[in-house]
Amino acid sequence: MKKILITGGLGFIGSHTVVELQNAGFDVVIIDDLSNSSVEVLDNIGKITGEKPEYYQIDLRIKEEVKDFFNKVNVDGIIHFAAFKAVGESVQKPLEYYENNIGALVYILQEMRDRNIDHFIFSSSCTVYGQADELPITEKAPIKPAESPYGNTKQIGEEIIRDTCKANDLNAIALRYFNPIGAHGSLEIGELPLGVPLNLVPYITETAVGIRKELMVFGDDYDTPDGTPIRDYVHVVDLAKAHVAALKRLIHKENKQNFEYFNIGTGKGNSVIEIIKAFEKTNNLKLNYRVADRREGDVTAAYADTTFANKELKWNTEKSLEEALKSAYEWQKKQTINVE
Ligand code: WQD
């Protein structure tokens, strides 16, 4: 049985990926510093899969801690989620973002090189494309200058991995996520934003249960059919399964280059208003929302061409937008009950 290290394995995408890896028969070990997650997620993963994963609370910015971990635990591959991810905060605290998102990546890659650990999967982002000139966005689209330090850490991260693959015997895949939403069907794990949510769907769900008074639609004067920006919203369980597919590709040596990157989305774009309408219809409720000013840094439209991932990873999305929006709401309701 292959043992896979999942850094950031208690976070939103990480926890769903741990479940899919366990379901696929992998042995997993999680590292998480709990900076944006809760240790209870471990038990909740166990409730779904019947197996509470091995876990280490480690700060990956501390090189000695990283080294100590690898001295203790042997792994066959690594999926690296651990990172800061708030775009706006990264503008205020660039050095914290570079230290955490780049420093930790370098330390992990050094350990992989020194110990001949081969398979590496990196959480990248569609933000690397900025406002793409052509839609849907293929992997051939040029990388645009990053709009934020956060986005830059993903671009630089990919470059560091590319250079490392060239110099050392490492095989790696970067997955460029579009907009992950939803929660696990069991409702044991889901998204747990700290404070006021920055992303659309968590803001919608918190508005729906009354934690937030009103949802702001950030601009309706974009060059899109209804004037609101278009994104590719992908169910987090589908996204999690893409990691299993990518890992199997590396393990079975099916990769065509030692560094590859794939778009992970549904291939469909939806506007903010379409998401609001779909959420209302699916969950049979009315949302309190109004149009406000544009948010700085938002692109008009971004959705994936997933042909490459479909063919090469043999991966397709299985879940609908409605399923994602329903699970997101059910998950939110469950959290709210727990708080009361
Ligand atoms: C979606 C749309 C907003 C909140 C995210 C991450 C980014 C990257 C990609 C990982 C936009 C609008 C939002 C609200 C709104 N992920 N909106 N009211 O900006 O596409 O980027 O996914 O690398 O880091 O942040 O996602 O959910 O923030 O916004 O009108 O209260 O919803 O303007 O058009 P985004 P989002």
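The values are calculated or read from the model by the stated rules, or taken from the named source; none is laboratory data. These numbers were taken from a predicted model, which means no experiment stands behind them. As a convention, Cβ positions derive from the backbone with ideal geometry for all residues, glycine included, and neighbour counts pool all protein chains shown. SASA here: full protein model, heavy atoms, side chains in, ligands and nucleic acids out. Shrake-Rupley method; radii C 1.70, N 1.55, O 1.52, S 1.80 Å.
The table below gives the values:
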read-out	value
Inter-part distance where the stretch 87-116 and the stretch 160-207 are each reduced to a Cα centre, Å	16
Residues in the stretch 238-280 reached by a label modelled at Glu159 [backbone nitrogen below 20 Å; 7 Å Cα→Cβ]	258-262
Potential lengthening between Lys47 and Glu214 on full extension [0.36 nm per residue; Cα-Cα distance subtracted]	56.7 nm
Karplus-derived 3J(HN,Hα), 6.51/-1.76/1.60, for each residue of the stretch 296-313, Hz, glycine and proline x	4, x, 6, 8, 5, 8, 8, 8, 8, 8, 9, 3, 5, 5, 4, 7, 7, 8
Protein accessible area in the chain, 1.4 Å probe - carbon and sulfur %	48
Ranked packing of 26-32, 51-57, 209-215, most packed first, by mean Cβ within 10 Å	26-32, 51-57, 209-215
Which of Val91, Val236 is most accessible, then next, and so on - probe 1.4 Å	Val91, Val236
Volume per residue of the C-alpha convex hull in the stretch 1-144, rounded to whole Å³	136
Sites Met1 and Asn168 - FRET efficiency at Förster radius 22 Å, r taken between beta-carbons, to 0.05	0.30
Angle in degrees between helix 63-72 and the longest Cα principal axis of the chain, rounded to the nearest 10	60
Inverse mean reciprocal Cα-Cα distance (Kirkwood Rh) of the chain, Å	20.3
Area of His252 that stays accessible when all protein chains are in place (1.4 Å probe, Å², to 10)	110
Where Arg231, Arg249 fall by accessible area, highest first, once all protein chains stay in place (1.4 Å)	Arg231, Arg249
The stretch 1-124, accessible area per residue, ligands and nucleic acids excluded (1.4 Å, Å²)	42
Theoretical gain in end-to-end length, Asn310 to Arg115 [0.36 nm per residue, Cα-Cα removed]	67.0 nm
Inter-probe distance in nm under a simple model that places probes 7 Å from Cα toward Cβ, at Ile62 and Glu134	4.9
Calculated from backbone phi, Karplus (6.51, -1.76, 1.60) coupling profile of the stretch 19-35 in Hz, x at Gly/Pro	4, 5, 5, 5, 4, 8, x, 8, 8, 10, 10, 10, 10, 7, 9, 6, 5
Nearest-ten-degree value, helix 236-251 long axis tilted from longest Cα axis of the chain	20
Other-chain or far-sequence residues with amide H under 5 Å of Ser125's (modelled H)	Tyr177
Interchain or long-range residues, amide H under 5 Å from Asn171's placed H	Phe120
C-alpha long axis of helix 104-115 to longest principal axis of the chain, angle in °	30
Out-of-range pairs (alpha-carbon distance over 30 Å; input Lys93/Lys253; Lys311/Lys333; Lys47/Lys333; Lys93/Lys241)	Lys93/Lys253; Lys311/Lys333; Lys93/Lys241
